[in-house]
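A.B. asks: Once you've had a glance at the structure underneath, I'll fire off some questions.
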Amino acid sequence: MWGGRFASGPSALMEEINASIDIDRRLADEDIRGSKAHAEMLVATGILSAEDGAAIAQGLDRVAAEIAEGSFPFSRALEDIHMNIEARLSELIGPAAGRLHTARSRNDQVATDFRLWTRAAVARLDGQVRDLQGALIDQAERHAATILPGFTHLQAAQPVTFGHHLLAYVEMLGRDRGRLADAGRRLNECPLGAGALAGTTWPIDRHMTAAALGFDRPCANSLDAVSSRDFVLEVLAAGTILALTLSRLAEEIVLWVSAQFRFVDLPHDLTTGSSMMPQKRNPDAAELVRAKVGRVLGALTTLATVMKGLPLAYSKDMQEDKEPLFGAVDTLDLCLTAMTGMIAGMTVNETACRAAAGIGHTTATDLADHCARVLGMPFRQAHEVAGKLVARAEGLGVDVSQLALDDLKAVAPDLDESALAVLDVTHAVEARTSFGGTAPANVAAQVAEARARFLG
C-alpha cells in the first residue's frame, strides 16, 4: 500500500502496534457509503469515467454483502478497514479500484467515516433516552399522588409525590438529549475532499459529497477537517453527563429496594440472588449502571489525553480515537436499556412510601409557613417556633405531626386546630401548587406537558 517508498514491509511488531482493523471494522458500512459518494462525485466532475464509477459501485455493493454475511476476508496485514475494503475491491473489479482513491486520503476518509458513525450513534442514543423518559413519564402519571419523603443530605426533608420525583429525572434526561443534539449538529460537517491536510488539485465538488452523505456542509478548513476530534470529545462529554444522570437514578433505586426503604420492587429478571443467603434479591442491574459511569468518563479522559498537545494536522495518535467512543456508546446503550426495563417494570409500594413520608418531622416547614401566614409572624420567628415544636415532639418520642393542640399552644398560644391540618403529609403535598411544585394536580399537568415536549 505504500508504493515504492519502502524497501520492505513492516515487521511483526510494527504490524501489531499499527493495525486497527480489529477496532475500526465497525466503520465498514460508513466507509462503503463514503466511497460510493466519492466515486459518484468523481464521475460527476469528469475525473472518473462512468464505466469505472459503475464498476466501483457494484464492487462496493458486493463487499457490503460479504461483510453482512460474514464471509469478508478481514486481514490485519492490511491495517485498517479502508485498506481491507480497497484490497477486496481490487480483487473484485481490477484496476478501476485503484482510481477510487483519487483526490482522497485515508485522513479525510477516516474522519468522514467516524463522523457518519458518531452521528448515527448520537441519534440512536437520543432514541434510547427518549424511551427511558417515556417509562418515567408513565410511572409519574401512575403515581402523581403517591406520597414519599423528599430528602436533602439524605435526611427526611419534606413530603413530595413519587411522580414529581420521577419527573425530575425526565427533565435531567431532557437536558442530556439537548447536549447530544448540540453535539450532533456541530459534528455534521463533511471532511471528505480535504485530502491528507491541504485539499487537492483535482476539480472535486465537496458540496456534492457532503449533501450525498447527509451533512449540512463541507468542513471549511482542510487542516481542521482531518485533525479535529472535538466532535468525539463533545459526544463523550455529553455521554459522561448522561451516564452520571443514570448513575444517580440507579443509586435511588438501590436505596428504594432495600428492606429499610421498601419503596419499590424491581422485576425479578433484572435482579440476582445470593449464593449463600437464600432471602436475597439484589438490584445488581442498578448497581452496575451506577458503576459503569467510570467507563464512559474513562473514555473521555482517554481521548482528551490523546489529543492534548497534538500539532496540526493528522498524527497516528488519533488512531486511538475510536475504541473509547465505541466502548462508551456500547456502555450507554446497555445502561439505557437496563434502566428503561427497571423503570417500566418497577412496582411502587405506596403504603411504605406514605408511611416514610410522615417520619422525620417532614411537615415542620408547613407549620412554620402557617405561623407566618396566619399569625403574621416574620418567617424567622415562625421558623424558631416550629423548631421548638420539633424539639418538643422529639422529647415526647413522636413526630411533630403527632403533637396535640395543647402541645402546639404551649409554644405558640395563638395556634388553633387549623395548625393541626397543615401537619398532615397529604395537605403538605397538595398545598405546593407553585409552578414546578409537587402538588398532584401540578404533577398531572407536568406529565401531559412532558409528553408533548419530550415524546411528541
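A.B. asks: Which of the following residues is outside the structural domain of ASN188 (by the TED database), on the phi > 0 side of the Ramachandran plot and not aliphatic (A, V, I, L, M): GLY59, GLY70?
C.D. replies: Only one candidate passes the filter, namely GLY70.
A.B. asks: Restricting to the stretch 398-419, and then to whatever is within 21 Å of ALA157 (Cβ to Cβ) and not charged (D, E, K, R), can you tell me which residue is surrounded by the most Cβ atoms within 10 Å (Cβ to Cβ)?
C.D. replies: Filtering the stretch 398-419 for residues within 21 Å of ALA157 (Cβ to Cβ) gives 398-403, 419.
Of the ones still in play, those that are also not charged (D, E, K, R) are 398, 400-403, 419.
Working: VAL398: 14, VAL400: 25, SER401: 22, GLN402: 13, LEU403: 21, ALA419: 21.
Ranking the candidates gives VAL400 first.
A.B. asks: If THR433 satisfies all but one of (1) within 30 Å of TYR169 (Cα to Cα); (2) open to solvent by less than 70 Å² (accessible area, probe 1.4 Å); (3) of a type in the set (S, T, N, Q), what's the number of the condition it fails?
C.D. replies: The one condition THR433 does not meet is (2).
A.B. asks: Now a separate question. Would a scan of the stretch 274-291 turn up a residue that is free of Cβ contacts under 8 Å to residues at least 12 places away in the same chain and of a type in the set (Asp, Glu)?
C.D. replies: no
A.B. asks: Could you tell me which residue of the stretch 1-21 is surrounded by the most Cβ atoms within 10 Å (Cβ to Cβ), considering only residues that are in a loop (DSSP other than H, G, I, E, B), modelled with pLDDT of 70 or more and of a type in the set (Gly, Ala, Ser)?
C.D. replies: Only one residue tops the list, namely SER20.
A.B. asks: Does any residue of the stretch 210-224 turn out to be of a type in the set (Lys, Arg) and outside any helix (DSSP H, G or I)?
C.D. replies: Yes, that holds for at least one residue.
A.B. asks: For the list (1) at pLDDT 95 or above; (2) open to solvent by less than 50 Å² (accessible area, probe 1.4 Å), I need the number of the one condition that MET377 fails.
C.D. replies: Evaluating MET377 over (1) at pLDDT 95 or above; (2) open to solvent by less than 50 Å² (accessible area, probe 1.4 Å) leaves (1) as the failure.
A.B. asks: Within the set of pairs 6+ apart or on separate chains, which have a first residue in the stretch 408-421 that is among the polar types (S, T, N, Q), a second that is open to solvent by less than 60 Å² (accessible area, probe 1.4 Å), and C-beta atoms under 8 Å apart?
C.D. replies: Going by the 8 Å Cβ cut-off, the qualifying pairs are SER418/HIS370.
A.B. asks: So, one more: If I go through the stretch 228-275 residue by residue, how many of them are buried (at least 17 other Cβ atoms within 10 Å of the Cβ) and in a loop (DSSP other than H, G, I, E, B)?
C.D. replies: Qualifying residue count, the stretch 228-275: 7.
A.B. asks: Taking the stated definitions as given, is VAL443 touching a helix residue (DSSP H, G or I) at 6+ places or on another chain (Cβ under 6 Å) and closer than 22 Å to ARG354 by Cα? Working first, answer last.
C.D. replies: Numbers: touching a helix residue (DSSP H, G or I) at 6+ places or on another chain (Cβ under 6 Å): yes; closer than 22 Å to ARG354 by Cα: yes.
Criteria met by VAL443.
A.B. asks: Quick one: which residue in ALA368, ALA404, ALA431 is outside the structural domain of LEU266 (by the TED database) and more than 43 Å from the chain's Cα centre (by Cα)?
C.D. replies: ALA404
The values are calculated or read from the model by the stated rules, or taken from the named source; none is laboratory data. Quick caveat, the model's predicted, so the values are computed rather than measured. Virtual Cβ from ideal backbone geometry, glycine too; neighbours counted across all protein chains shown. We work out accessible area using only protein heavy atoms, side chains counted, and drop any ligands, DNA or RNA first. Shrake-Rupley method; radii C 1.70, N 1.55, O 1.52, S 1.80 Å.
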